[in-house]
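A.B. asks: Mind looking over this structure? Questions follow.
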Amino acid sequence: MIWPPRPLLLVLGLLLTAAGCGLAAPGGSDAEPRVTILGPWTDGQEQRFKDVLDGFGIPYTYQGTAATREVLLAEVQAGNPPDIAILPGVGELVEYAADKRLRSLKGLYESEEYGNPWQPGAKDIADDLWVPLKADLKSIVWYRKGEAPQPRPAPLGAWCMGMADDGSSGWPGSDWIEDLILQRAGPVLYARWATGDLDWTADPVAEAWTTWAGLLAQDPEAAERALLADHRGPYGGHGLLFGGGCALEHQGSFARAFYGDDGEKAAFTDSSRLLPGGPYTVKAHEVSADFAALFGRGSAARELIRHLASREGQEDWGRKGGVFSPNAGVPAKPGAVDKEISRRFTDQRVPLCLDASDVMPAAVRDAFYEAVLLTVAHPGDPVRGRLEGIQKVQDAQPDNIPRLTGVCGRPQ
């Protein structure tokens, strides 16, 4: 069973579904059946993704939204799911798989080209129900070239922070807590927590959360501003790093897309030495991915996934979209920064761990984000009550939803 979101989010999803219908792209006449695709990419990235799709010669309709969960749930409940859904995480895909909604991708991609942790599985769930199409490196901090930070924890005033998002506000704060747990406790405990095997009130989680709250408590007014600020920076600007009086941004590799023309002026370093309570050694790198799943039965939809997941399709997406591929056969993009990011994807000495909130059940993830926002709003309050609240949500999840495995691993 797929658990419905809060009523407000469901209304939002229905509205967005209605607004998104009919977003057609070139590739066929109105009389031809089109493959319907729901994905997380909007604006410029949506157009670049369409440029890739246009090259396949398969008629399609693409609907881009930051609220993929709400829109997909509304369409599934209406009996009209898209042929292909691309989601920024596999936690909710497990729920659809348990409900027998997903079609097998067997034979549509070369599984050996996608190593750890890009193929997480679950007990009693087939291992070929989703494939990652885009990867991002987290556990990094961006700064302006020529202004490299000192190798020690930075005060709150140095950090660019924005918690707001069109879809799920609060996730930028969840990245901080995830990274702190990962660098403090290591990938084994991190994976246990992410998959529900370690309680939210356990010491590694509570201590990391308290450490982040302590950073915010240095300046409650600055924390309040972060609560209202968009994580992409002012509209039409150059992101938070180049649009304000801050020097460091704890953000994934996708952040350069927000910097516009200033993207070439950005550099990054591992987050471990700058996080509060540190410096820490690099125990693992947090990563995220956008996973494609098949809801439709048509051969055209299967063929489109085959193209998207192929080495050639991934290379084309990388060139046109400026994105990184989880496909081990796709060469690193040119440019010093891109090569450094790619090196971390392939460094066999350091494990990779999927974003914890992306592998959690959707209801637990939402409770996580809500608790993050409450912490930003009231950083001086004890965190235990918030952790107990998330634990109650986790304990209430139905038994038929299996837990993911393989969310951490060493690259091929």
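The values are calculated or read from the model by the stated rules, or taken from the named source; none is laboratory data. Fair warning: this is a prediction, and the values are worked out from it, not measured in the lab. Ideal geometry is used to build each Cβ from the backbone, glycine not excepted, and the neighbour counts take in all protein chains shown.
A.B. asks: Across segment 274-298, what is the number of residues that are of a type outside the set (V, I, T), over 30 Å from L105 (Cα atoms) and in contact with a strand residue (DSSP E or B) (Cβ under 9 Å, 6 or more places away or on another chain)?
C.D. replies: Residues in segment 274-298 being of a type outside the set (V, I, T), over 30 Å from L105 (Cα atoms) and in contact with a strand residue (DSSP E or B) (Cβ under 9 Å, 6 or more places away or on another chain): 2 in total.
A.B. asks: With respect to R225, is the statement that it is under 30 Å from G55 (Cα atoms), at pLDDT below 95 and outside the structural domain of V35 (by TED's automatic domain parsing) true? Quick ask: steps written out before the conclusion?
C.D. replies: Details: under 30 Å from G55 (Cα atoms): no; at pLDDT below 95: yes; outside the structural domain of V35 (by TED's automatic domain parsing): yes.
It is false that R225 is under 30 Å from G55 (Cα atoms), at pLDDT below 95 and outside the structural domain of V35 (by TED's automatic domain parsing).
A.B. asks: When only residues in segment 323-356 that are crowded, with 16+ Cβ neighbours inside 10 Å and of a type in the set (S, T, Y) count, which is nearest to K138 (Cα to Cα)?
C.D. replies: S342
A.B. asks: Please work out if G245 is closer than 16 Å to W159 by Cβ, without any contact (Cβ under 8 Å) to a residue 12 or more places away in the chain and not in a helix (DSSP H, G or I).
C.D. replies: yes
A.B. asks: In addition: With a cut-off of at least 2 residues that are more than 24 Å from D197 (Cα to Cα) and over 17 Å from the mean Cα position of the chain (by Cα), name the helices (runs of 4 or more DSSP H) lying wholly within segment 310-412.
C.D. replies: 311-321, 336-346, 362-377
A.B. asks: Suppose we filter P204, P234 for residues that are free of Cβ contacts under 8 Å to residues at least 12 places away in the same chain and over 22 Å from A148 (Cβ atoms); which single one remains?
C.D. replies: Working: P204 fails: free of Cβ contacts under 8 Å to residues at least 12 places away in the same chain.
Unique residue meeting the criteria: P234.
A.B. asks: Here's a follow-up. Among the residues of segment 244-255, which ones are touching a helix residue (DSSP H, G or I) at 6+ places or on another chain (Cβ under 9 Å) and of a type outside the set (A, V, I, L, M, F, W, C)?
C.D. replies: Listed by number, the residues that qualify are G245, E249, H250, Q251, G252, S253.
A.B. asks: Something else about it: So, in segment 88-125, how many residues would count as being within 16 Å of V407 (Cα to Cα) and not in a helix (DSSP H, G or I)?
C.D. replies: 14
A.B. asks: Name the one entry in A336, A332, A362 that is farther than 23 Å from F258 by Cα and of a type in the set (G, A, S).
C.D. replies: When all the criteria are applied, what remains is A362.
A.B. asks: Go through segment 369-404 and report how many residues are surrounded by fewer than 15 Cβ atoms within 10 Å (Cβ to Cβ) and polar (S, T, N, Q).
C.D. replies: 1
A.B. asks: Out of the residues in segment 86-117 meeting the condition of being closer than 18 Å to M360 by Cβ and among the hydrophobic types (A, V, I, L, M, F, W, C), tell me which one is surrounded by the fewest Cβ atoms within 10 Å (Cβ to Cβ).
C.D. replies: Among those residues, the one meeting the criterion is A98.
A.B. asks: Can you confirm whether segment 210-228 contains a residue that is surrounded by fewer than 23 Cβ atoms within 10 Å (Cβ to Cβ) and under 19 Å from the mean Cα position of the chain (by Cα)?
C.D. replies: No, segment 210-228 contains no residue that is surrounded by fewer than 23 Cβ atoms within 10 Å (Cβ to Cβ) and under 19 Å from the mean Cα position of the chain (by Cα).
A.B. asks: Of all the residues that make up segment 143-189, how many are touching a Lys or Arg at 6+ places or on another chain (Cβ under 6 Å) and part of a loop (DSSP other than H, G, I, E, B)?
C.D. replies: 3
A.B. asks: Still on this structure, I have one more. Quick check on segment 51-78: of everything there that is farther than 16 Å from G167 by Cβ and β-branched (V, I, T), which residue is farthest from the chain's Cα centre (by Cα)?
C.D. replies: It comes out as I58.
A.B. asks: Hey, could you check segment 190-201 for residues that are in a loop (DSSP other than H, G, I, E, B) and either touching a residue at least 40 places away in the same chain (Cβ under 8 Å) or among the charged types (D, E, K, R) (or both) and say which is surrounded by the most Cβ atoms within 10 Å (Cβ to Cβ)?
C.D. replies: Out of the qualifying residues, it is W200.
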